[in-house]
Amino acid sequence: MSELDKSQYDQSGVSSQGAETALSGLLKHVLPTRKFSNRYPLAADIGYFANVIDLGNGQGIAFGTDGVGTKIIVAELLNRYDTIGIDCVAMNVNDVICVGACPVSMVDYIACSHTDSKIFDQLGKGLAEGARQSDISISGGEISQIREIISGIDLIGACIGHVSLNKVNTGKNIKPGNLIVGLASSGVHSNGLTLARRVLLGESIEEQKSRVNDYEEFLGQTLGEALLEPTRIYVKPVMEMLGSQIDLKAMVHITSGGFCNLNRVESENIRFVIDDLQPVPEIFNLIQDRGAVSEAEMFEVFNMGTGFCLIVEGEQEVESITKICNKHNLPCKVIGHVEESHSKEVSLPNKQLVGKGSRFS
């Protein structure tokens, strides 16, 4: 692949295609391990947002892990770490609820080049706030000082949740005619920060340090503040929906891969048609304009204003969902519908984009 053929994300140092190739090499060894634990089988295939371990007696534990990625570099540039823990909790609990589970507890892993009591105090503050927003506990964690490997800090979490096995949801029952409800994001969340930093702040860390506090009239805040905006947590409204017996056909966290995350559901031969997007936050318009990033890549890398999707039967469910979202001050709207198709794909007709697998074209 020549430099001209590379996407902006590739040029910023993140290879989506390379990650997929590496993952296939990993999975050929990992997938067969399912048979090593016959007593506690998995209730779903690997590849959804979280998995569920069958504990017997109809009960399961949902389990997932994620980190904050290079958003931690924005925190380092600003020397402000009090919200990054919210992102860590959010990326984990938002995945766990996708299988219909109620998040219960989380552990964190902090890899660092050195320990700093002020930084760790702020990290703890953010983790605690994320836990409060999610109704979970932080039940443990690990700190690893690995100066030879890492410069700075990395923050990762792992979350468990509880779900009855007959309530496990991986999107098996989606049908043509179903509606797609989009729940608004709070901004960039915790995906695509490598590209966003490169475009808005510059190529080098030195450039990024000099620009991170630049006030941007277009945004009404500094670039650093916009990029550090915490990831929205969807646990409370979605748990209320599940408790209200709303028939949610699928719950999809819109992370890296953008709307192509919809393709991770188990239902086949369907097309997700998204033709009425949530308002796109100005930060995305700024990234696209300044970086000359294509529409296809913007919708592959970023959430573009929709952080979570619900697939439902029809308008009756939408009305109930809207009441709950209004109660939680969470903007929501019907952003599309499901059609029959010969393959599984996501279509954005107004953008002339079709997404198969994890890529738009």
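The values are calculated or read from the model by the stated rules, or taken from the named source; none is laboratory data. Owing to the predicted nature of the structure, the values given are computational and were not obtained by experimental measurement. Using ideal geometry, Cβ is built from the backbone for each residue, glycine included, and neighbour counts are taken over all protein chains shown.
Within segment 41-77, if we keep just the residues that are at pLDDT 95 or above, over 30 Å from Glu229 (Cβ atoms) and of a type outside the set (Gly, Ala, Ser), the residue that is surrounded by the fewest Cβ atoms within 10 Å (Cβ to Cβ) turns out to be Asn57. The condition (being of a type in the set (A, V, I, L, M) and more than 20 Å from Asp66 (Cα to Cα)) is satisfied by just one residue among Ile335, Ile254: Ile335.
Scanning segment 130-162 for residues that are under 18 Å from Gly100 (Cα atoms) and part of a loop (DSSP other than H, G, I, E, B) yields a count of 2.
Listed here are the residues, each with its yes/no results for (1) aromatic (Phe, Trp, Tyr); (2) in the same structural domain as Arg80 (by TED's automatic domain parsing).
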position: Leu155; (1), (2): no, yes
position: Asn173; (1), (2): no, no
position: Leu195; (1), (2): no, no
position: Phe218; (1), (2): yes, no
position: Gly243; (1), (2): no, no
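Residues in segment 163-177 that are more than 14 Å from Gly100 (Cα to Cα) and either in contact with an Asp or Glu (Cβ under 6 Å, 6 or more places away or on another chain) or of a type in the set (A, V, I, L, M) (or both): Ile174, Pro176.
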